[in-house]
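Report on one structure; see the data block that follows.
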Amino acid sequence: MPIQRIAILGTGLIGASVGLALRAHGYTGQIAGWDPDPAELAIAGEIGAIESAATDPVDLARKSDLILLSGPVFTILEWLDRLAPVLQSGQLVTDVGSVKGAICNCAESRYNLVHTAGFLAGHPMAGKEVSGAANADANLFDGAAWLFTETAGSRSMHPASRALADEWRTWPTKFNCRIIDLDATRHDVLCAWVSHLPQYLSTALTALLQDEFAAKDEVLPIGGRALREMTRLGASPYSMWRDVAFTNTEAIAASLLALEQRLAHLRENLKTPELRDEFERANQFRLSFPPPKK
């Protein structure tokens, strides 16, 4: 049985972008949405990310084949608890949360059982420093990695739910994503380094500049591309990154400590050959990236 009805709970940037990407890549089923902010929900409808807006999210989920949970991690955890008693086998819940350990642990005892809905944890490595459906983009996931964290439970979910999960796993490929399967713990460690650390580094730098140059009459005219790129993530919403910090604390703290130690090493070697060695290591890493698309 194919996925005929999709419910998107949280029609902000990522949720609305998923709806647009589905339509742009040939999905012909129903896409309905709900959001706690009526304005966000209205914009999602206006741009074509959803075709109908629900007032009762639980009823919407109950009538859907696939329920996509999109929002901050705490919101996803709340939805997992709230929906578990009302869904059943033959339905699938998935998410786009930035932390997987806490989410998979929450779902473990309430999903993927004989009479419950299936749950497949997911995380598209895509986004913007701005939020909201108005910034949604059907091409947001183009070239990105879409991470799935299968668990023992998800691998043995009810066959009807498993069929939905297998079909859902094909859609990121249609969005031109690379699908990567990771253990939840490994996911959180890797994302702490490649996603969470850059965010908190940019936040710290941008906040420091705000404190040091509150008037900005000198720093903005002088600062060029480097300043814009290094502070771009500083515009990210606190609500999302607060939840990431609370649910992936250990891995983020470890990466921040390693960065602090590396910065101290740089500070202590500004006039020694060690500085050259650091630049060489940095250049080696950058050479690992594929060339940009022309």
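The values are calculated or read from the model by the stated rules, or taken from the named source; none is laboratory data. This structure is a prediction, so every number in the text was calculated from the model and none was measured. Heads up, the Cβs are rebuilt from the backbone with ideal geometry, glycines too, and the neighbour counts pull from every protein chain shown. Surface accessibility is based on the protein's heavy atoms, side chains included, excluding ligands, DNA and RNA. Shrake-Rupley method; radii C 1.70, N 1.55, O 1.52, S 1.80 Å.
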* Within the stretch 201-221, restricting attention to residues that are without any contact (Cβ under 8 Å) to a residue 24 or more places away in the chain and within 26 Å of residue 262 (Cβ to Cβ), which residue is nearest to the chain's Cα centre (by Cα)? -> 204
* **Test set (1) open to solvent by 40 Å² or more (accessible area, probe 1.4 Å); (2) at pLDDT below 95; (3) small (Gly, Ala, Ser) - residue 254 fails condition number** => (2)
* Asked: Where residues in the stretch 262-294 are of a type in the set (Lys, Arg) and not in a helix (DSSP H, G or I), which of them is least open to solvent (accessible area, probe 1.4 Å)?
  -> 293
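Taking the condition modelled with pLDDT under 95 and either farther than 23 Å from residue 13 by Cα or among the charged types (D, E, K, R) (or both), does residue 118 pass?
Working: modelled with pLDDT under 95: no; either farther than 23 Å from residue 13 by Cα or among the charged types (D, E, K, R) (or both): yes.
The answer is no for residue 118.
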* To do: Sort out which residues of the stretch 46-67 are open to solvent by less than 50 Å² (accessible area, probe 1.4 Å) and within 21 Å of residue 107 (Cβ to Cβ), and write them in order of number.
  => 57, 58, 60, 61, 64, 65, 66, 67
* Would you point out the residue of the stretch 249-278, among those that are within 26 Å of the chain's Cα centre (by Cα) and of a type in the set (Ser, Thr, Tyr), that is farthest from residue 192 (Cα to Cα)? => 249
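For every residue, the table says whether it meets (1) open to solvent by 20 Å² or more (accessible area, probe 1.4 Å); (2) among the β-branched types (Val, Ile, Thr); (3) outside any loop (DSSP other than H, G, I, E, B).
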position: 33; (1), (2), (3): no, no, yes
position: 40; (1), (2), (3): yes, no, yes
position: 44; (1), (2), (3): no, no, yes
position: 89; (1), (2), (3): yes, no, no
position: 104; (1), (2), (3): no, no, yes
position: 113; (1), (2), (3): yes, no, no
position: 123; (1), (2), (3): no, no, yes
position: 131; (1), (2), (3): yes, no, no
* Can you find even one residue in the stretch 191-203 that is under 29 Å from residue 75 (Cβ atoms), in a helix (DSSP H, G or I) and open to solvent by 90 Å² or more (accessible area, probe 1.4 Å)? -> yes
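Would you confirm, using the coordinates I've provided, whether residue 50 is assigned to a loop (DSSP other than H, G, I, E, B) and of a type in the set (A, V, I, L, M, F, W, C)?
Values: assigned to a loop (DSSP other than H, G, I, E, B): yes; of a type in the set (A, V, I, L, M, F, W, C): yes.
So residue 50 passes the test.
Which residues, counting only those in the stretch 36-75, are among the charged types (D, E, K, R) and in contact (Cβ under 8 Å) with a residue 60 or more places away in the chain?
So the first thing to find is which residues in the stretch 36-75 are among the charged types (D, E, K, R), and the list is 37, 40, 46, 51, 56, 59, 62-63, 65.
If the condition is that a residue be among the charged types (D, E, K, R) and in contact (Cβ under 8 Å) with a residue 60 or more places away in the chain, then 40, 65 are the ones that fit.
For the stretch 144-158, indicate whether the set of residues that are more than 18 Å from residue 18 (Cβ to Cβ), among the basic types (Lys, Arg), in a loop (DSSP other than H, G, I, E, B) and open to solvent by 50 Å² or more (accessible area, probe 1.4 Å) is non-empty.
Going through the stretch 144-158, the residues more than 18 Å from residue 18 (Cβ to Cβ) turn out to be 150-158.
This time we only want the ones that are among the basic types (Lys, Arg), so: 155.
From the residues that got through so far, the ones that are in a loop (DSSP other than H, G, I, E, B) too are none.
No - not one qualifying residue is present in the stretch 144-158.
Suppose we filter the stretch 162-171 for residues that are in contact with a helix residue (DSSP H, G or I) (Cβ under 9 Å, 6 or more places away or on another chain) and either among the hydrophobic types (A, V, I, L, M, F, W, C) or surrounded by 20 or more Cβ atoms within 10 Å (Cβ to Cβ) (or both); how many remain?
If we filter the stretch 162-171 for residues that are in contact with a helix residue (DSSP H, G or I) (Cβ under 9 Å, 6 or more places away or on another chain), which is where we start, we get 162, 165, 171.
Filter once more, so that each one left must be either among the hydrophobic types (A, V, I, L, M, F, W, C) or surrounded by 20 or more Cβ atoms within 10 Å (Cβ to Cβ) (or both): 165, 171.
Within the stretch 162-171, residues that are in contact with a helix residue (DSSP H, G or I) (Cβ under 9 Å, 6 or more places away or on another chain) and either among the hydrophobic types (A, V, I, L, M, F, W, C) or surrounded by 20 or more Cβ atoms within 10 Å (Cβ to Cβ) (or both) number 2.
Go through the stretch 174-190 and report how many residues are part of a helix (DSSP H, G or I), touching a residue at least 12 places away in the same chain (Cβ under 8 Å) and within 23 Å of residue 112 (Cβ to Cβ).
Result for the stretch 174-190: 4.
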* Structure fact -> Scanning the stretch 1-31 residue by residue, those surrounded by 16 or more Cβ atoms within 10 Å (Cβ to Cβ), under 21 Å from residue 79 (Cβ atoms) and not small (Gly, Ala, Ser) turn out to be 3, 6, 8, 9, 11, 13, 14, 18, 22, 30, 31
